[in-house]
Amino acid sequence: MNKIFGTNEYASLQYSNMPILLSPNLWNKKLKIAAHERAHKDGIIIDGNSPEEFDEYFWKAFMKDSYIKDGLLPHTVEEEIVNKYLTYISLICLSKQKQKYISKNNNNILRLSTLKKINNSKIFILFREPISHASSLMKLHRSFSDSQREDPFVLDYFNYLGHHEFGLNHKPFLLTSNFIETKSQYDLEDINYWLILWINYYEYVLDTFDDSYMLISFESLVNEPDSVFEYVSKNLQVKPFPNSIKKHKPMIYQPVPCNLELQNRAKQVYNKLLSLIKY
């Protein structure tokens, strides 16, 4: 997202739009927050004017949290609300003096059937090797849970923005019947829970896959960023990204014992995703 935003062709909600997210032309303050590593502790640097995934607040407000239960439910959005979203996007673009808009929002998986119908929309779906991804998710869950215990505002902040991926108010995406039926078998401190969560997410992606979706693997983004960004720039029709983009160095997770059946199932899903890559 930072690389695409850095082309200076896209508007996005930014930290400067907090907390009045629905009035981008009324509240758009420059924030003097020095560049620092984000709370995920993954080496990605942000500052007060970095783009962020704040537009989930729109869906919460206009759908009145109807999709948020003990988990997050996939949904089709009424045309009236879609039109309001398009108006909202146009207001954000106006405030940033841009013609195009970018959103990075994990929760968009819940409404892809609606978003893909928006004219000129481009949808990229990222994925990562399942054991590493599950390990990362579990690490983040522990980290954010600790932060929320120490400072209740952190929990309020997550709830306000509609992000329940990690922490004390974790609510999983309820995408597949298999996950809904089996999720209670594992504790959130068990790597197998995060592995079945990964399977749930990406089996749903495959089951609802549209050939217009563009898949990007975390591993190729790390190991061959030039090829990935060439693919991205061509599809977005933006100026090419610089050659020899600095490689990201992700955390390396030590192997942990996992349920062998889940591990094999996840590997099959991962290999299918790899086969659908177009770069």
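The values are calculated or read from the model by the stated rules, or taken from the named source; none is laboratory data. Here the structure is a predicted model, which means the values were calculated and not measured. Cβ atoms come from the backbone with ideal geometry, glycine included; neighbour counts cover every protein chain shown. Protein only, heavy atoms only, side chains kept; ligands, DNA and RNA dropped before computing areas. Shrake-Rupley method; radii C 1.70, N 1.55, O 1.52, S 1.80 Å.
How many of the residues in the stretch 184-209 are more than 21 Å from the chain's Cα centre (by Cα) and not in a helix (DSSP H, G or I)? Looking only at that region, the number is 4.
With the condition kept exactly as written, say whether any residue in the stretch 130-151 is in a helix (DSSP H, G or I), among the acidic types (Asp, Glu) and more than 30 Å from Glu9 (Cα to Cα).
yes
Taking Ser233 as the residue in question, decide whether it is open to solvent by less than 50 Å² (accessible area, probe 1.4 Å), touching a Pro at 6+ places or on another chain (Cβ under 6 Å), farther than 18 Å from Leu110 by Cα and in a helix (DSSP H, G or I).
On the way: open to solvent by less than 50 Å² (accessible area, probe 1.4 Å): yes; touching a Pro at 6+ places or on another chain (Cβ under 6 Å): yes; farther than 18 Å from Leu110 by Cα: yes; in a helix (DSSP H, G or I): yes.
Yes, satisfied.
Cβ-Cβ contacts under 7 Å between residues 6 or more apart (or on different chains), taken from a first residue in the stretch 151-176 that is more than 20 Å from Met138 (Cα to Cα) and open to solvent by less than 30 Å² (accessible area, probe 1.4 Å) to a second residue that is of a type outside the set (A, V, I, L, M) and part of a loop (DSSP other than H, G, I, E, B), are listed as Leu161/Phe54. For the stretch 241-261, the criterion of being within 18 Å of Trp198 (Cα to Cα), touching a residue at least 40 places away in the same chain (Cβ under 8 Å) and not in a loop (DSSP other than H, G, I, E, B) is satisfied by no residue at all. Of the residues making up the stretch 189-199, not a single one is open to solvent by 80 Å² or more (accessible area, probe 1.4 Å), more than 30 Å from Ala61 (Cα to Cα), without any contact (Cβ under 8 Å) to a residue 12 or more places away in the chain and of a type outside the set (A, V, I, L, M).
Do we have Ser275 as surrounded by 12 or more Cβ atoms within 10 Å (Cβ to Cβ) and polar (S, T, N, Q) here?
Numbers: surrounded by 12 or more Cβ atoms within 10 Å (Cβ to Cβ): no; polar (S, T, N, Q): yes.
In short, no.
Do we find a residue being charged (D, E, K, R), modelled with pLDDT under 85, surrounded by 13 or more Cβ atoms within 10 Å (Cβ to Cβ) and assigned to a loop (DSSP other than H, G, I, E, B) anywhere in the stretch 4-27? No, the stretch 4-27 has no match at all.
Please verify whether Glu181 is open to solvent by 60 Å² or more (accessible area, probe 1.4 Å), at negative phi and in a helix (DSSP H, G or I), treating the condition exactly as stated. Give the steps one after another, and end with the answer.
Values: open to solvent by 60 Å² or more (accessible area, probe 1.4 Å): yes; at negative phi: yes; in a helix (DSSP H, G or I): yes.
It is true that Glu181 is open to solvent by 60 Å² or more (accessible area, probe 1.4 Å), at negative phi and in a helix (DSSP H, G or I).
Hey, can you tell me all the residues within the stretch 113-124 that are assigned to a helix (DSSP H, G or I) and among the hydroxyl-bearing types (Ser, Thr, Tyr)? Scanning the stretch 113-124 gives Ser113, Thr114.
For (1) in a loop (DSSP other than H, G, I, E, B); (2) among the hydrophobic types (A, V, I, L, M, F, W, C); (3) at pLDDT 95 or above, each residue gets a yes or a no:
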{"site": "Lys64", "(1), (2), (3)": "yes, no, yes"}
{"site": "Glu80", "(1), (2), (3)": "no, no, yes"}
{"site": "Leu86", "(1), (2), (3)": "no, yes, yes"}
{"site": "Ser90", "(1), (2), (3)": "no, no, yes"}
{"site": "Ser95", "(1), (2), (3)": "no, no, no"}
{"site": "Asn108", "(1), (2), (3)": "no, no, yes"}
{"site": "Arg111", "(1), (2), (3)": "no, no, yes"}
{"site": "Leu126", "(1), (2), (3)": "no, yes, yes"}
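Consider Val232 carefully, then state whether it is among the hydrophobic types (A, V, I, L, M, F, W, C) and without any contact (Cβ under 8 Å) to a residue 60 or more places away in the chain. Break it down stepwise before answering.
On the way: among the hydrophobic types (A, V, I, L, M, F, W, C): yes; without any contact (Cβ under 8 Å) to a residue 60 or more places away in the chain: no.
No: the conditions fail for Val232.
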